[in-house]
Amino acid sequence: MRIDLHTHSSCSDGTDSPAALVRAAAAAGLDVLGLTDHDTFAGWDEARAEAEQCGIGFVPGAEVSCRLAGTSVHLLAYLPDPTDAELSSMLERIREGRNARVPHILERLKSLGIELTPEDVAATSRAATSLGRPHVADALVAAGYAADRREAFDRWLSEGKPAYVTRYAPEPAEVMGRVVAAGGASVLAHPRGRRSRYVLTDSVIGELADAGLAGLEVDHLDHDDAVRQELRGLARDLDLVVTGSSDHHGAGKNDHDLGCCTTDEGEFARLLERARANAERSGRATPEPFLP
Ligand code: AMP
Ligand code: FE
Ligand code: FE
Ligand code: ZN
């Protein structure tokens, strides 16, 4: 079984529609696909319907934006009740912060002599429910200012670069509490990638584990072999599920091909078990994973 539990569609900053993403997953030989758009459940229905057509498994999720000690941290939420009012309003507030940030980024760019309009960003974000810097990056590429998203981030959009603007994000413990209450299971995304490595120390991860964290995304391109070994040991000590995933963004992110990192079948079963236990405890009508 090849299981990839972290991917993005055009509902956030991926480039494939949910249905096209599922077809690409089937073509890549995946047996189970997790859809985890940033801060939205918008792609679930389309992806599930296509997964049933293609005969591959589907796990609905989201990658929730958090902030800890001023640093961006991502939490993967699997199988929560999408009608949970508290969780929905939390995601809505995060998405509002995403929208509100764009005009400020455009002002910064303007002061650097780069003229982009909200319409330029609307043209690249199209169907997205959740707007992100990658859409601004795509607009910079379309206008000829950068060759690809990476260059746009490196020159202007990454933290510390001249057009970087921060946005609202809650703390991971708060998000995790909501996810658990909504009957879902939480997994820390790429915990030792980019900047999150500085704030997600062993003791912080230990505290999150005590508070109901289900797993760690260990196998991810942001982690080298030494980091993966370290995280595997930590997961064992804390009784956390180990996942692996591509973090695929379609054509939007180099290298992260579907299935480039995968989740072990036994670990996947444990993750579903954790979600089931949380669903039972919360008494919520959580979505069933589609497993052919
Ligand atoms: P945002 O969600 O607006 O905070 O933007 C973060 C997203 O930008 C991440 O989820 C990645 O998809 C993308 N991203 C971050 N850094 C880079 C980079 N250097 N090159 C390409 N995409 C990036
Ligand atoms: Fe992304
Ligand atoms: Fe992420
Ligand atoms: Zn991601």
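Each value in this text was obtained by applying a stated rule to the coordinates, not by laboratory testing. Treat the numbers as computed from the prediction; the structure is a model and nothing was measured. Here the Cβ is made from the backbone with ideal geometry for all residues, glycine too, and neighbour counts use every protein chain on show.
Numbers below:
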| item | result |
| --- | --- |
| Per-residue ³J(HN,Hα) for segment 219-234, Karplus 6.51 cos²θ - 1.76 cosθ + 1.60, θ = phi - 60°, Hz, x for Gly and Pro | 8, 8, 4, 6, 10, 7, 4, 5, 5, 4, 4, 4, 5, 4, x, 5 |
| Ordering of 251-263, 173-185 by burial proxy (mean other Cβ atoms within 10 Å per residue, highest first) | 173-185, 251-263 |
| Efficiency of FRET from Cβ geometry, residue 265 and residue 226, R₀ 22 Å, rounded to 0.05 | 0.30 |
| Between helix 85-111 and the chain: long-axis angle, C-alpha atoms, 0 to 90°, nearest 10 | 30 degrees |
| Extension gain (nm, one decimal) between residue 281 and residue 93, 0.36 nm per residue minus Cα-Cα | 65.0 nm |
| Packing-based ranking, highest mean first, of 59-65, 9-15 given that Cβ atoms within 10 Å are counted | 59-65, 9-15 |
| Counting DSSP beta bridges with both ends in the chain, the antiparallel % (nearest 5) | 45 percent |
| Gain in span if fully extended, residue 115 to residue 141, counting 0.36 nm per residue against the direct Cα distance | 8.1 nm |
